[in-house]
Each structure stands twice: as C-alpha cells, then as structure tokens.
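Everything on this sheet refers to the single structure shown next.
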Amino acid sequence: MSKFSKKRGKADPEVSTASLPDIIFMLLFFFMVVTVLRDAELKVKVITPYASELTKLEEKSLVNYLYIGKPTKQHQATYGTKPRMQLGDKFAEVRDIPLFLEKHKVKVPEAKRPRITSSLRVDGEVTMGIVQDVKTSLRKNGQLRVNYSAKKVPTN
Amino acid sequence: MAKKSSRDRMKNEINAGSMADIAFLLLIFFLVTTTIAEDKGILVKLPPWSEEEPDITKLKERNVYSVLVNAQNQLLVREQPMRIEDLRENAQEFIANPMKRPDLSEKPTKAIISLKNDRGTNYETYLKVYNELKGAYNDLWNELCQRKFGIDYSEELPVAYRKAIKAEIPFVLSEAEPTNFGEE
C-alpha cells in the first residue's frame, strides 16, 4: 500500500466541536453587553425627521425619553388622532412631566444628575404647539439638557 | 490488581454537550431583543425658566438675526422671505460679517439669533431650521478651529480648545414664545 493512503486512514475525520460553546458564549456576552432592552412599546407613531448636526447620546441610563406623535391605529379609537405624548409605557399629559422626571432622577447617582438628558422623540408631522408646551414644562422643572432626536441624513 | 472502588469507575464529569444549546438559546433571546440603533439628535440647552420675556428690543438691530417660521412653514429672516436651503450661508455671513457691512453683526460675540415660530409650525420644519442655524455655527467653529489648531471642531476636543473657540464665536440662540396660529 502506498504511503499516503495509510496516513489518511489513520487520521480522525471529525472536527472537534469542543470549543463551540466557547464561541457561542463569546457571541452571547457581546450581545448581552451591547443590548438595551426595549423598555416601552410605542403607542404613538414616531418617525423622527432628518438632520445633519447630530450629537450622540452617551450614557443610556442618563436619558429619559418623551415620545410625541399621533396615537397608532389600535389606540386611535380611544385616544383620537390628535398628537399625544407618551411617557414610559402610557399616554400622559403635560402635567405628568414633573413626576416622570423625578422618578427617573432618583434612579441616577447624585454626581451624574447634572448630565441627565431628555430625549424628545417627536414625529415630524406634529405641530409645534404640543412640543412647545412640553419644552416649557421641562424648563420650569429645571431639565434643560434636551436632545431633539433625529436621523442622520443619508449621504449620497 | 487492586479492586477499583465504585467511585473510581464513575466518570466524575457533567455532560457539557448541552451547554452549547443553552448558550444558543440565550444568544437568540438577546439577538431578538437587542436594539443596536443608538440615539442621535440635536442637543439643545434650554434657557432656565423666568417669568419675564427677554427683551430683544434693547439690542442694536444690526446684531439681531430674527428668524420667523409661520404656520405655513414659510421662513421670514430679517423681514425677508427666504428658503431653508439658503439659511445656513446667510446666517454665517451675518455672524462672521467678513465684509464688515454695517447692517450685519458687529462681531460674532455680539450676534444674537432670535428664533420664533407659530404653534402650528411643523416640527420637521422647525428642526430643519434649527439644524441649519446650528450648522452655520458648526461650520464657523470648524473654520476657526482649523485656523487656530489645525483640526476640525468636535465635542471630543480638550475643554480648553473648545472654550477658546466658544469665546470667539459663542452660540447665542434665543427662542421667543410662539404665537398662537394654526394650532391643530
């Protein structure tokens, strides 16, 4: 018999799968670290406008979100089609903002509180009236760092 | 040969074959729930609340760049209608005033942009206008930063650099209370 075929016959043809769990765990840890659990289901339709002068929001734990837009189809029967604000997971009025801000604030360590940012996720079709009311309320409550959420203009 | 105890004969190993399956399960859970899309936007510092309206009539007219956006989403800049596309360049010229024209701002530190909108103004238009005004300042900062330090302006620059830039061209944007037109 030839030299080569002998060698081949002895070799184990199976690929070792012993390291497969390690690889999967690595991927798992990656996703666990980058993941941000979807905190609230959107009850209003929000399609943010495009802008070019954007700033990235750094620490997610320092951001509270205020959504403004028209209620989605399944909520229109109850809440109508006028633009509404959503705080957390439910519809809210402008007078609910102070409590909402306070609830978020107590979760943040004191040293980081000056860096709390309110992210206004507002639908592009909304008129400024409700946005203005929200802004005024934020100002009255001393929440001055505001981020108008927007998408980057696609470059081409 | 010594008799092996029953302990030795038992294989003291946990079967790790299902480990991959468990990890896969977790991995798929995180893959589904994950939202990598990060939040970006225009960062704005609102002025603290005060009862009295800021009075811009005391300022010299040449230093005020008034921008009005009405409920029909039309733009009125210093009493002249304007397209949003032209706003950035026009604002830059007003702030920097390279030709030292007597009707534009004396110097960048004195320039004030006054933005006013209706309650019926579209949010998209408002943000576009705000974006252009911020863009005008960003472009000026870039230019100055290139001249001074040879790099583009960005928020990652050392604080001292940013302070030097902002001292020469401060971002002053005053927003008046909107007028009650065209509310939905």
* Count, for each residue of A:101-111, the Cβ atoms from other chains sitting within 10 Å of its Cβ, then give me the mean as a whole number. => 0
* Ratio of the Cα radius of gyration of chain A to 2.2 N^0.38 Å, where N counts its residues -> 1.69
* To do: Please average, across the residues of A:125-138, the number of beta carbons from any other chain that are within 10 Å of each residue's own beta carbon, and give a whole number.
  => 6
* Compute the acute angle (0 to 90°) between the alpha-carbon long axis of helix B:84-96 and the principal axis of greatest extent of the alpha-carbon atoms of chain B; round to the nearest 10°. => 70
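Within 10 Å, count the other beta carbons around each residue, average over each peptide in B:123-131, A:135-143, and list them highest first. Before the final figure, lay out each step's value.
Working: B:123-131: 22.9, A:135-143: 17.3.
Sorting B:123-131, A:135-143 by mean packing, highest first, produces B:123-131, A:135-143.
Over the residues of the protein assembly as shown, compute the C-alpha Rg and express it relative to 2.2 N^0.38 Å.
Values: Rg = 29.0 Å, N = 340, 2.2 N^0.38 = 20.2 Å.
The reported ratio for this selection is 1.44.
Just counting partner chain Cβ atoms within 10 Å, what average do the residues of peptide A:29-35 show around their Cβ? If you can, show how the numbers build up before the last one.
Working: counts 4, 3, 10, 5, 1, 5, 8.
Across A:29-35, the average partner-chain Cβ count within 10 Å equals 5.
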* Structure fact -> Simple spin-label estimate for B:ARG83/B:TRP49, 7 Å along Cα→Cβ, in nm, reads 4.1
* Positive-end residue, region B:59-173 charge dipole about Cα centroid, Cβ charges, pick of B:ASN73, B:THR109, B:LEU157 -> B:THR109
* To do: Excluding residues fewer than 8 places away in the same chain, name every one of the aspartates and glutamates whose C-alpha is closer than 17 Å to that of A:LYS70.
  => A:GLU41, A:ASP89, A:GLU93, A:ASP123, A:GLU125, A:ASP133, B:GLU124, B:GLU183, B:GLU184
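If packing is taken as the mean number of other Cβ atoms within 10 Å per residue, what is the order of B:64-73, B:100-109, A:80-89, A:13-22, highest first? Could you put the intermediate results ahead of the total?
On the way: B:64-73: 19.4, B:100-109: 13.4, A:80-89: 16.6, A:13-22: 10.2.
Put in order of decreasing packing, that is B:64-73, A:80-89, B:100-109, A:13-22.
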* Relative to the present Cα-Cα distance, how much length would full extension add between B:GLU106 and B:GLU143 at 0.36 nm per residue of separation? -> 11.4 nm
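Only the coordinates and a few stated rules stand behind these numbers; no lab work does. Because the structure is a prediction, the values reported are computed rather than measured. Counting neighbours? That spans all protein chains shown, and the Cβs are built from the backbone with ideal geometry, glycine included.
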